Structure formats: C-alpha cells, structure tokens
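Trainee: Input: one structure, supplied below.
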Amino acid sequence: MTTKVFKTFILLCFSVTLFAQSPSSILQKAEAKLSGADLAAEVSIRTVRPRWERTMKAKIWNQGLDKTMILITGPAREKGTVFLRNGEDVWHFVPGIKKIVALPAAMVQSWMGTDFTNDALINAGSLVEDYTPTLLGITSVNGTNCFKIALTPKADAAVVWGEVITFVSVDEFLQLRTEFYDEDEYLITTLEATEIKSFGGRTLPSVLRITPAEEDGKFTEMTYKALNFNPTFEEGFFERSNMKRVE
C-alpha cells in the first residue's frame, strides 16, 4: 500500500468514526460541558457600540437546566439587580424600587442593554430537548475541526428561533460558534466562543462574544473570570425570597 493510499484510508476511517456519532450525542456532550452543570461563576460583560462601551460585573449560579440566579455586582447604578429562574417561573428584582417583578417565560428582549437576550441568559433551555438536530458535515472554525449541526425547533418547543446552526469541536466537544436564524431564515445573531482555558479541570472557552448581524460596530463579550463546578447551595437558594439578600 502506497503512502498516499494509506493516508487516504486512515482519513476515511477517521471520517466514518466521526459520522458514526449521532448529532444528539454530540450535542449532549457539548451541553454537558457547561449548560446544565451546577456552577458558580464570576463574569464581566462588555457591551460595545460605535460611540460608547460599558462593562458590567456579575455573579451567576446554575443548578441543572432549570435554576439560574444572576446578581449584578457593578457598576453602582445596576448593582444589586437580580434575575432568577426556577423551573417555569422567572423573576427580576429591581433594587431601586425594591420590588420583584415576574417576567414571561419566553423573553426575546435585550438583557440589561446588551446583545444577549433575556431568553439566552436566564431561560436557556436544552438544544437536545428543544430542537431536532441534523449533522451537516465537518468544517473548520478558526482552524479547529468542528461538527456542523443544523437544529430545527420541535413542534412543542417554546423557542424563539426558526433555525440554529452550531459548530462543535471534534476533539473537545466545545460549541465554538452558533448562528441564530429567524423563521424566514435570516441570520439574526452569532455567538462565538474563544480563548480556551482550564477551569477546575475542565477545558472551556473563557470568552463568549455575541454579534448582531448587519449591525457594524456592535457586540457584547462575556468573559468568565472564575468558575466553580462544585458549589454548595443552601436550601432555598433559588427561591424568590432569596433575591433581595443574595450576594
């Protein structure tokens, strides 16, 4: 067997092995990296516009897929703002008026003036549960081989996107790029994950950048400063009664 034929044979075997994995199993491995994990994180969120930019700091706590608490720790004018999701219920604590406001389950509005939506940060569901995946092939994202997977909403899924295309790295199962389309197949926004680092023994992107389509000079970056995958949550932590005192 010549060297050229041997390399072709190895490449063919490699490709067959990769495509033997179902798109659902690929997504499950990707989501297990971060989404749905119990975690406590400290992040900075930088929003850039053509004429200004601002940075917020926040703490995020997750327990599984259905419990999330977000506390804004800076700057001063937003400090103390809290968002909570517990199952199907979502609330927003506004420190200025000291009131807790119920929010709708599906929220497509801008979150705190950023390019992230309320739905993406607070009410993020599971791609595996909400969409039907199709493996389109393998492509390169910034020099990394990735599974390209198209996702169409399931009939009973409460989602806002008409289609999602995500790119999951072949070696680490990291979602490095995700494109969000409306029902008319127009690209609305793109989420890119970069600067891979080790957090508590897990290899993960440390920077998430979301960029609106066709809006030059606009983007929002969320940078993970710290990640703890073994947090201890006291009983009642993810209850509405805790929103005014969480810190």
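Trainee: From the list THR190, THR211, THR194, exactly one residue is among the polar types (S, T, N, Q), open to solvent by less than 80 Å² (accessible area, probe 1.4 Å) and closer than 17 Å to LEU34 by Cα. Which is it?
Mentor: THR194
Trainee: Next question, about the same structure. For region 75-99, give me each residue that is out of contact with any His (no Cβ under 7 Å at 6 or more places or on another chain), surrounded by 13 or more Cβ atoms within 10 Å (Cβ to Cβ) and either assigned to a loop (DSSP other than H, G, I, E, B) or not charged (D, E, K, R) (or both).
Mentor: Within region 75-99, GLU78, LYS79, GLY80, THR81, VAL82, LEU84, ASN86, VAL90, TRP91, HIS92, PHE93, PRO95 qualify.
Trainee: Looking at (1) surrounded by fewer than 17 Cβ atoms within 10 Å (Cβ to Cβ); (2) among the small types (Gly, Ala, Ser); (3) within 21 Å of PRO212 (Cα to Cα), which is the only condition SER140 fails?
Mentor: The failed condition is (3).
Trainee: Collect the residues in region 61-84 that are more than 19 Å from LYS98 (Cβ to Cβ) and aromatic (Phe, Trp, Tyr), keeping them in residue-number order.
Mentor: The answer is TRP61, and nothing else.
Trainee: Across region 36-64, what is the total count of residues that are within 20 Å of ARG209 (Cβ to Cβ), assigned to a strand (DSSP E or B) and among the charged types (D, E, K, R)?
Mentor: 6
Trainee: Pairs, please: C-beta under 6 Å, at least 6 apart or cross-chain, first residue farther than 17 Å from GLN109 by Cα and in region 74-95, second among the charged types (D, E, K, R) and crowded, with 16+ Cβ neighbours inside 10 Å?
Mentor: Every condition considered, the pairs that remain are GLY74/LYS57; ASN86/LYS67; GLY87/ASP66.
Trainee: Would you please name the residue that is modelled with the highest pLDDT, looking only at residues in region 107-119 that are open to solvent by 50 Å² or more (accessible area, probe 1.4 Å) and under 20 Å from GLU179 (Cβ atoms)?
Mentor: Here the residue is SER110.
Trainee: Of all residues in region 161-171, which are open to solvent by less than 70 Å² (accessible area, probe 1.4 Å) and out of contact with any helix residue (DSSP H, G or I) (no Cβ under 6 Å at 6 or more places or on another chain)?
Mentor: Scanning region 161-171 gives TRP161, GLY162, GLU163, VAL164, ILE165, THR166, PHE167, SER169, VAL170.
The values are calculated or read from the model by the stated rules, or taken from the named source; none is laboratory data. Source: prediction; values computed, not measured. Every residue, glycine among them, receives a Cβ derived from its backbone with ideal geometry; neighbour counts consider all protein chains shown. Accessible surface is based on the protein model in full, side chains and every heavy atom, while ligands, DNA and RNA are left aside. Shrake-Rupley method; radii C 1.70, N 1.55, O 1.52, S 1.80 Å.
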